[in-house]
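Okay, so here's the structure we're looking at.
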2 protein chains.
Amino acid sequence: MKKPSSAVRGLYVLCDDDPRWSLDPARQARAALAGGASMLQLRAKRATDAQALAWAESIRALAQAHGALFFVNDRFDLALAAGADGVHLGQDDLAPACVPASARERLLVGRSTHTLEQVRAARGEPVDYIAFGPIFGTTSKESAYDALGLDALAEVVRIAAPRPVVAIGGIDASRAGDVVRAGAAAVCVISAVAGARDPEGAARALVGIVAGRGA
Amino acid sequence: MKKPSSAVRGLYVLCDDDPRWSLDPARQARAALAGGASMLQLRAKRATDAQALAWAESIRALAQAHGALFFVNDRFDLALAAGADGVHLGQDDLAPACVPASARERLLVGRSTHTLEQVRAARGEPVDYIAFGPIFGTTSKESAYDALGLDALAEVVRIAAPRPVVAIGGIDASRAGDVVRAGAAAVCVISAVAGARDPEGAARALVGIVAGRGA
């Protein structure tokens with residue numbers, strides 16, 4: 001059954017197959033969940049579909065056991081095949097309107113935005129959350145966009161309402177508190193967990209901050 | 001409405017975004033249809049999803065106008081989004097059983113096989129045709145498999161029945177007649193059309209041979 005968009009909250013950990021990370025996506029997910037992450041996303045840009053599906057099925061089972069939401073990046077076919085909770089669509093991916101109604105009945109749809117104009121466009125799309133970023137400078141992804149800052153994030157939270165906003169880009173423990181105070185429903189990280197010496201501990205610290213228990 | 005698998009026949013032209021070809025996939029499709037191709041497949045390995053979808057929609061409209069079948073390689077999300085007739089799944093893609101019933105109601109599903117063992121496995125999968133190859137040596141795709149030959153093709157046609165078999169790999173005008181005589185329902189080509197100086201003429205010649213009007 002499709003989860004409510006109110007479940008979009010807390011720490012959202014992106015698990016990807018970038019060879020820079022010492023853990024594969026499924027092991028990143030395991031560490032993130034052990035640390036208390038409430039949302040996960042698989043981003044498999046290099047794998048075969050068969051490998052991506054194997055990771056997706058494994059992460060879906062882990063997420064389910066922890067009561068966390070699981071999204072697949074880019075591809076609703078993989079999301080459906082793995083029984084994920086949702087699909088996350090970037091600006092270069094299929095548009096949310098291209099996801100057929102039969103798939104939208106089962107999947108939450110997230111959408112990346114990088115400008116206020118894209119946020120306004122996303123309000124007219126069938127999306128369950130709006131991701132906005134990069135808030136700060138980031139090294140995890142090649143980005144054609146400049147850092148947008150906390151004021152822009154607060155503005156986006158206002159115009160996206162009632163849709164939850166996921167903040168992404170350069171967020172670490174020193175900045176997660178400000179991001180939550182700007183109104184983000186969830187804080188998305190990649191390198192702050194995957195690149196940490198202790199991914200589980202890093203996730204736990206971020207979860208505490210996002211929940212207002214620290215920093 | 002889903003087309004019958006009996007529509008799997010004739011010349012099947014794979015349109016891909018390999019930079020070797022002088023025409024983009026949509027223009028390859030146009031030439032192939034002008035030459036009489038009855039099936040097309042989009043294989044966009046390098047494009048963004050947005051570009052792949054644009055090509056898919058354009059090829060779908062062209063195919064429809066010509067009464068030809070249109071398949072998308074690998075991804076049933078793109079196939080559904082573009083209103084294609086089917087999806088073609090390789091051995092490293094999602095397995096046919098991973099395509100949800102709601103998608104299978106709309107899409108024909110083709111499956112690549114490269115060994116008799118894979119053909120036998122495909123008989124137990126929800127597939128509408130079985131592609132087998134490479135029949136001959138091929139330069140269009142990196143293949144981990146040796147050329148399989150016409151005797152193996154005839155054997156596959158026998159064990160795949162009643163499912164139609166699509167032969168692929170190194171097939172050109174000099175060999176298409178033998179492939180049809182071995183029992184293939186359709187003859188799939190890439191470079192024989194995309195790499196031809198006159199793609200439309202090359203398609204027309206192949207269509208004639210496949211229909212038993214030449215060579």
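A few notes on this one:
- Taking every residue in A:51-61 and counting other chain Cβ atoms within 10 Å of its Cβ, the average works out to 1.
- Accessible surface of chain A [probe 1.4 Å, protein heavy atoms]: carbon and sulfur percent: 48 percent
- Simple spin-label estimate for B:LYS45 and B:ARG181 in nanometres, 7 Å along Cα-Cβ: 3.3 nm
- Rounded to the nearest 500, the 222 nm mean residue ellipticity of chain B from helices alone is -11000 deg cm²/dmol, with -39,500 (n - 2.57) taken per DSSP H run of at least 4 residues.
- Distances between copies at A:ARG197, taken between label points 7 Å from Cα along the C-beta direction, are 6.7 nm in increasing order.
- Between A:ALA63, A:ALA152, A:ALA84, the GNM of chain A built on Cα springs shorter than 10 angstrom shows A:ALA152 fluctuating the most.
- The stretch B:5-210, accessible area per residue, ligands and nucleic acids excluded (1.4 Å, Å²): 39 Å²
- Among the listed pairs A:LYS2/A:LYS45; A:LYS3/B:LYS45; A:LYS2/B:LYS2, those with a Cα-Cα distance over 30 Å are A:LYS3/B:LYS45.
- Accessible surface of A:SER6 - all protein chains present, 1.4 Å probe, nearest 10 Å²: 90 Å²
- Taking a Cβ cut-off of under 11 Å around B:ARG30, the surrounding Lys, Arg, Asp and Glu residues balance to a net charge of -1, with basic ones at +1 and acidic ones at -1.
- Each other copy places its own label point for B:ARG123 at 6.0 nm from this one, sorted shortest first, where the point lies 7 Å along the Cα-to-beta carbon line.
- Inter-chain shielding of A:96-102 (mean C-beta neighbours from other protein chains, 10 Å cut-off): 4
- Here the calculated FRET efficiency for B:TYR145 and A:ALA97, from their Cβ-Cβ distance with R0 = 56 Å, stands at 0.90, rounded to the nearest 0.05.
- Calculated FRET efficiency for the pair A:ALA65/A:SER22, C-beta based, R₀ 25 Å, to 0.05: 0.60
- Position A:ALA101, label points 7 Å along Cα→Cβ, spacing to each other copy in nm (shortest first, one decimal): 2.0
- The string of couplings for the stretch A:32-45 from the Karplus curve (6.51, -1.76, 1.60, θ = phi - 60°) is 4, 5, 4, x, x, 4, 9, 9, 9, 9, 9, 10, 10, 8 Hz, one whole number per residue in order, with x for Gly and Pro.
The values are calculated or read from the model by the stated rules, or taken from the named source; none is laboratory data. Here the structure is a predicted model, which is why all the values come from computation and not from measurement. Positions of Cβ are generated from backbone atoms using ideal geometry, with glycine treated the same way; all protein chains shown enter the neighbour counts. Surface areas here come from the heavy atoms of the whole protein model, side chains and all, with no ligands, DNA or RNA. Shrake-Rupley method; radii C 1.70, N 1.55, O 1.52, S 1.80 Å.
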